[in-house]
Structures are given as structure tokens and as C-alpha cells.
Amino acid sequence: MFIYDGFFLTNVVNGWDIKIQKDLSKTIIDFSLYNFDNLIADHFEDQSTYINQLVQLIHRGTQLPTTNITAIILAQDISENDSPPSYMLRLNRDLKRHTGFYFIDD
């Protein structure tokens, strides 16, 4: 069951979070780590090539609206101390918090 909370579509299945399928989770992890610099550049520039690819990967695993996934990605607080692992873990945490879906156990 999905509940619309005003901005995000929240996944609620007996209060359980749902891990995205293993192979797709690995692809999301690999993509976010390998393309970290490009994702950050997309965040600050008027391009979205890499962000759109990440959105599509997450959409394939969750079937959530792409606009909601994009909003979660763009809401990331980016700092000069960010690293690929910290970005990926924060994205996973925010996706889980807003939708109930996640791609890596924390």
C-alpha cells in the first residue's frame, strides 16, 4: 500500500521497509559510487543526465513516480566533505525515510 503524504509517496506494508532487488541494488550502488562527481556536477549545473539515470534505476526497483525520486536526490545536502560512500549512504537513508525502499543495509 502507498500513502501520499503531501510531497512523497510513502510505501507502507505493515510498517516494514522494502529492499530493492539484489542485482538492481548493486547496480544503484555501483552507479552512485562510480558517477559521484558527475552526480554532484548535475546537482549544481543545469544538466541532469546522470541524475536522470539514477532516477530511472531507482524507479525500476520501486515503481515510485520519477518526480518524487528526483526530488529526494535533489534535496541532498552537498558539502565539500562529501565522498562517494557518504553520498550513497545518505541517498539510501533519505530514500528509505521518505518511501520505505532502500538499496543497501545500514
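All of the numbers you see were taken from the coordinates with simple rules; none came from a lab. Just so it is clear, the structure is predicted and the values come from calculations on it, not from any experiment. Because the Cβ atoms are built from the backbone with ideal geometry, glycine has one as well, and the counts that use them run over all protein chains shown.
What ranking, highest mean first, results for peptides 53-64, 69-80 when packing means the other Cβ atoms within 10 Å averaged over each residue?
Highest to lowest by the protection proxy: 53-64, 69-80.
Can you bin region 37-106 into rounded, prolate or oblate? Criterion: square roots of the alpha carbon gyration tensor eigenvalues sorted a ≥ b ≥ c, rounded for a/c under 1.5, prolate for a/b above b/c, oblate for the rest.
Here region 37-106 falls in the oblate category.
Under a cut-off of 18 Å between alpha-carbon atoms, report the aspartates and glutamates in cross-link reach of residue 22, not counting same-chain residues fewer than 8 places apart.
Within reach: 30, 105, 106.
For region 67-106, list residues with backbone N below 20 Å from a point placed 7 Å from the Cα of residue 49 toward its Cβ?
70, 74
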